[in-house]
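Colleague: Structure incoming, see below.
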Amino acid sequence: MDRSGQKSMTGKFIVFEGADGCGKTTQLRRFYDWLQAKTFPLNGNPWPEPSQIWLTKEPGATSLGKTLRQILLTPTDTDDGVLPTTELLLYAADRAQHVQQVLKPKLLQGHWIVCDRHVDSTVAYQGFGRGLDRALIENLNSIATAGLVSNLTLWLDLPLELSQARRAHRGEADRMEQLDIAFHRRVYEGFASLAAQYPERIVRVDANGSENEVAERIQTIVIERFFSE
Ligand code: Z5A
């Protein structure tokens, strides 16, 4: 998992990705509760202890990250708000802090991390959505993660019209959510393209269905990936 090869990480790093409104946060919490509730070994593989399972997110998991999140997501009605390149750098700064202060230390201690968004969001939103240079984004992601790669990234795939409708039910949109439908369509295409490019790391989850149905699909994928004989 640690491409720098310096120390072996014994924990598991599982990321939930997808368009806003796809049900990612709902499923991530359900998945966390499901992991917490089980303690027995499955097919001879030990289940993580409840105290060793962590829920986290990007942006905003650290003290600095909370401030960055506010800057990144608070809507502004002026033209001198956050520019696209500044936005990219702020997401990278949030990630660098998160990786060093939370993710790497926990993974080194053998914890299981369940994370709401990570590097693929930057490629999808700032790369495909904003049209910023892909090589620059890969570079910044690589600096921010310092070699850390997820063991599994679950892409919750929901048709754009459905995710927009679900999000709309929740009321006021944040700064990113306020961007136009063409932007969100490019973001969706970004996630689809990443899933095709990295089939080993990114697994598509059909997010169309009831909360229970989607939760069961996720559990099946995780059992196959980490608890098969
Ligand atoms: N961003 C970025 O641009 N670059 C980056 O590098 C990173 C992030 C890391 C973070 O926003 C924003 O930052 C995000 C990308 C950008 N912005 N956008 N746009 P956030 O963390 O505040 O929120 P979000 O990640 O966009 O997620 P969300 O808006 O909270 O939505 P969600 O997590 O995908 O969905 P949800 O909250 O679980 O569900 C949405 C609604 O649907 C809710 O009312 C649920 O009750 C309902 N729901 C959920 N599941 C179902 C099912 N199965 N059926 C029916 N209804 C359902």
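Colleague: Here are some conditions: (1) surrounded by 15 or more Cβ atoms within 10 Å (Cβ to Cβ); (2) within 13 Å of the ligand (Cβ to nearest atom); (3) more than 18 Å from residue 90 (Cα to Cα); (4) of a type in the set (A, V, I, L, M, F, W, C). Residue 119 meets all but one. Which one does it not meet?
Modeller: Result: residue 119 passes all but (3).
Colleague: Something else about it: Residue 164: within 15 Å of the ligand (Cβ to nearest atom), out of contact with any Leu (no Cβ under 7 Å at 6 or more places or on another chain), farther than 26 Å from residue 104 by Cβ and part of a helix (DSSP H, G or I), yes or no?
Modeller: yes
Colleague: For the range 37-76, how many residues meet the condition of being closer than 19 Å to residue 111 by Cβ, of a type in the set (A, V, I, L, M) and either in contact with a Gly (Cβ under 7 Å, 6 or more places away or on another chain) or touching a residue at least 40 places away in the same chain (Cβ under 8 Å) (or both)?
Modeller: Residues flagged as closer than 19 Å to residue 111 by Cβ, of a type in the set (A, V, I, L, M) and either in contact with a Gly (Cβ under 7 Å, 6 or more places away or on another chain) or touching a residue at least 40 places away in the same chain (Cβ under 8 Å) (or both) within the range 37-76 amount to 4.
Colleague: Go through the range 79-89 residue by residue and tally those that are assigned to a helix (DSSP H, G or I) and acidic (Asp, Glu). Show your work before the answer.
Modeller: Applying the first criterion (assigned to a helix (DSSP H, G or I)) to the range 79-89 yields 84-89.
After this cut, where a residue has to be acidic (Asp, Glu) as well, the list is 87.
Number of matching residues: 1.
Colleague: Still on this model: How many residues, within the range 167-219, are in contact (Cβ under 8 Å) with a residue 60 or more places away in the chain, within 8 Å of the ligand (Cβ to nearest atom), within 19 Å of residue 32 (Cα to Cα) and of a type outside the set (Val, Ile, Thr)?
Modeller: Count: 2.
Colleague: I would also like to ask the following. Return the residues of the range 136-153 that are touching a Leu at 6+ places or on another chain (Cβ under 9 Å) and aliphatic (A, V, I, L, M); say none if nothing qualifies.
Modeller: 136, 137, 140, 148
Colleague: Pick from the range 89-106 the residues that are over 28 Å from residue 192 (Cβ atoms) and touching a Gly at 6+ places or on another chain (Cβ under 8 Å): which of them is farthest from the ligand (Cβ to nearest atom)?
Modeller: Ranking the qualifying residues of the range 89-106, first place goes to 106.
Colleague: Separate question: Only residues that are part of a strand (DSSP E or B) and of a type in the set (A, V, I, L, M): list them for the range 196-218, please.
Modeller: Result: 202, 203, 205.
Colleague: So how many residues does the range 21-43 have that are part of a loop (DSSP other than H, G, I, E, B) and buried (at least 21 other Cβ atoms within 10 Å of the Cβ)?
Modeller: 3
Colleague: Please verify whether residue 121 is hydroxyl-bearing (Ser, Thr, Tyr) and touching a residue at least 60 places away in the same chain (Cβ under 8 Å), treating the condition exactly as stated.
Modeller: It is true that residue 121 is hydroxyl-bearing (Ser, Thr, Tyr) and touching a residue at least 60 places away in the same chain (Cβ under 8 Å).
Colleague: Further, regarding this structure: Could you figure out which of (1) over 30 Å from residue 219 (Cβ atoms); (2) more than 14 Å from the ligand (Cβ to nearest atom) isn't true of residue 152?
Modeller: (1)
Colleague: When you look at residue 145, is it surrounded by 13 or more Cβ atoms within 10 Å (Cβ to Cβ), under 17 Å from residue 192 (Cα atoms) and either touching a residue at least 40 places away in the same chain (Cβ under 8 Å) or within 13 Å of the ligand (Cβ to nearest atom) (or both), yes or no?
Modeller: no
Colleague: Only one of 94, 157 is among the acidic types (Asp, Glu), buried (at least 22 other Cβ atoms within 10 Å of the Cβ) and within 30 Å of residue 48 (Cα to Cα); which?
Modeller: Of the residues listed, the single one that is among the acidic types (Asp, Glu), buried (at least 22 other Cβ atoms within 10 Å of the Cβ) and within 30 Å of residue 48 (Cα to Cα) is 94.
Colleague: If you don't mind, there's one more thing I want to ask. Quick one: how many residues across the range 56-78 are away from the ligand (no atom under 13 Å from the Cβ) and either over 30 Å from residue 173 (Cα atoms) or not in a loop (DSSP other than H, G, I, E, B) (or both)?
Modeller: 3
Colleague: Does residue 208 fit the bill of being more than 22 Å from residue 59 (Cβ to Cβ), more than 18 Å from the chain's Cα centre (by Cα), modelled with pLDDT of 95 or more and surrounded by 14 or more Cβ atoms within 10 Å (Cβ to Cβ)?
Modeller: yes
The values are calculated or read from the model by the stated rules, or taken from the named source; none is laboratory data. The shown structure was predicted, so the numbers you read here are calculated from the model rather than taken from an experiment. With ideal geometry, Cβ positions are generated from the backbone for all residues, glycine too; neighbour counts draw on all protein chains shown.
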